[in-house]
1. Could you tell me whether Ala159 is within 30 Å of Gly391 (Cα to Cα), buried (at least 16 other Cβ atoms within 10 Å of the Cβ) and touching a helix residue (DSSP H, G or I) at 6+ places or on another chain (Cβ under 8 Å)?
2. When you check Val289 against the structure, is it touching a residue at least 60 places away in the same chain (Cβ under 8 Å) and either within 14 Å of Phe367 (Cα to Cα) or surrounded by 13 or more Cβ atoms within 10 Å (Cβ to Cβ) (or both), yes or no?
3. Out of the residues in segment 201-223 that are assigned to a loop (DSSP other than H, G, I, E, B) and crowded, with 17+ Cβ neighbours inside 10 Å, state the one that is farthest from the chain's Cα centre (by Cα).
4. When segment 240-267 is examined, which residues are found to be basic (Lys, Arg) and surrounded by fewer than 17 Cβ atoms within 10 Å (Cβ to Cβ)?
5. For residues that are hydroxyl-bearing (Ser, Thr, Tyr) and farther than 21 Å from Leu73 by Cβ, scanning just segment 11-21, find the one that is surrounded by the fewest Cβ atoms within 10 Å (Cβ to Cβ).
6. For segment 52-102, which positions are touching a helix residue (DSSP H, G or I) at 6+ places or on another chain (Cβ under 7 Å), among the aromatic types (Phe, Trp, Tyr) and within 30 Å of Pro145 (Cα to Cα)?
7. For segment 22-48, which residues satisfy the criterion of being closer than 20 Å to Val71 by Cα and loosely packed, with under 11 Cβ neighbours inside 10 Å?
8. Go through segment 181-195 and give me each residue that's in a loop (DSSP other than H, G, I, E, B) and within 27 Å of Gly381 (Cβ to Cβ).
Amino acid sequence: MSIRGLFRAFTSARTTILLLCLLALLLLLNVALPQENVVGTERFAEMTVGRPVAHFVLVTLGLGRMSVSPVFLAVLALFLLNLLTVLVARIGPTWRRVALKTRSDKGLQAWARLEEARSIPRPAGWSVAEAARALRGFGYQVRRPGERTLWAVKHRTAALGFMLFHISFLLICAGGVSIYYTRFVGSAFLSEGQQFQGQYNKIIRSRPIGPPPELPVALESVDARFDRGEVVHLGAAFRFQQGSASVTRKARVNHPAHWGPTSLLVNRAGLAPVLWLQDTQGFTLDRIVVPARTLTGPPTDVTLGDGRVVAFILPLAAGASFPSREELPQASMSFRITLDSRVVFDGALSPGEAAEFEGGRLVLQEFRYWVGMTVVSERGGGILIAGFTLGIIGLIWRLLWYRREVAVTWDDREIRLVGRSEYFSGRFQDELKTILLTLQRGSDDDRATTG
């Protein structure tokens, strides 16, 4: 096969459909086959070790890591190359169709002699100007290539919708690649008044390129309400530092706070005691804000000072209500404090109270709120949305404002009308009947527009 033949085969609709079917099959396998990022590394190893078939499919072919599988990447690359070659091949024909290059009079006369053409007797007083005006009333752009020929086109730019639809796939791919290589997901705790220092409690997904995002953010305030241990409202106000100025963004459940490519989603809340460790003379040895497990879970432990003092903060008693902000000054939590592993205090403290022990004391200065937040940072979402938007516009442009073309020829006895439509041939036949009836009546602009 010649190079021209290979090019035509590669840019054919059949090749595009085949590649789309292969991509659809691989995406189906992405759901059907166990994926390492879903089941976890240990479980994935158990599924493949000592199982030759599973190891070949999931590891060798990489179908257990579909996003980086060489098979998937190869098919995706072929599909994108197919799109690019189709776009290049269609530039010339698309430009000729959009430019409205007038067809030859000889070709139009031959077209009008086909069996599909409709004809009517030429009415008395019929004029070319009236016929052209009638076609314009139907939305056609009219050209007169010969003495007895009119050629008209409606929606000549419809072919651009085809180009936009194909370009949208390239944008969607670019957006997906950008998201994959820049996406970071981590969780962290932040107490009111605290500046984020980049200490993530858990990194759920590291970005392949670049470090974790630097967040110049502090937690201003938390609005948390619980009913029987279940959160009924959770919101937070974050202050982002921008040079010498600051900007406040609010977040609540399912409505994250946005800062550039980063989103902060709040999902948990609790009490954060401010603990103040003093020596016997009242000098400060340590001061710390502790995001404590408030309603459930094991005690929260924190080491203070030189490590000799450890405070265990017990969750609220079963059935205890989550305190509102107005109730914080009177709220209390149970503490167990050890000095050199010896329990020196075991009881409840409220803001302003202190646990006295040998060599110092631990003051519960106040209660604040803390929130657990999920940090998601990624780039490429705008490109992805632009790709989907462009694809929808391209489809609408191509299918709703589809190209229609008619030719009108005449002699002393009859008028002949022939046309073709890219889609909806039945509807177009009705339009041709209306055009023919308008030509027969010698309609004015109002009638043509109504038709």
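1. So Ala159 fits the description; yes.
2. Working: touching a residue at least 60 places away in the same chain (Cβ under 8 Å): yes; either within 14 Å of Phe367 (Cα to Cα) or surrounded by 13 or more Cβ atoms within 10 Å (Cβ to Cβ) (or both): yes.
Considered against the rule, which asks whether it is touching a residue at least 60 places away in the same chain (Cβ under 8 Å) and either within 14 Å of Phe367 (Cα to Cα) or surrounded by 13 or more Cβ atoms within 10 Å (Cβ to Cβ) (or both), Val289 comes out as yes.
3. It comes out as Leu215.
4. Step one: filter segment 240-267 for residues basic (Lys, Arg), giving 249-250, 252.
Result: Lys250, Arg252.
5. Of everything passing the filter in segment 11-21, Ser12 is surrounded by the fewest Cβ atoms within 10 Å (Cβ to Cβ).
6. None; the set is empty.
7. Filtering segment 22-48 for residues closer than 20 Å to Val71 by Cα gives 22-38, 44, 48.
Hits for segment 22-48 are Ala24, Leu28, Val31, Ala32.
8. Arg183, the sole residue that qualifies.
The values are calculated or read from the model by the stated rules, or taken from the named source; none is laboratory data. Since this is a predicted model, take the numbers as computed values, not measurements. FYI the Cβ positions are ideal-geometry reconstructions off the backbone, even for glycines, and counts take in every protein chain you see.
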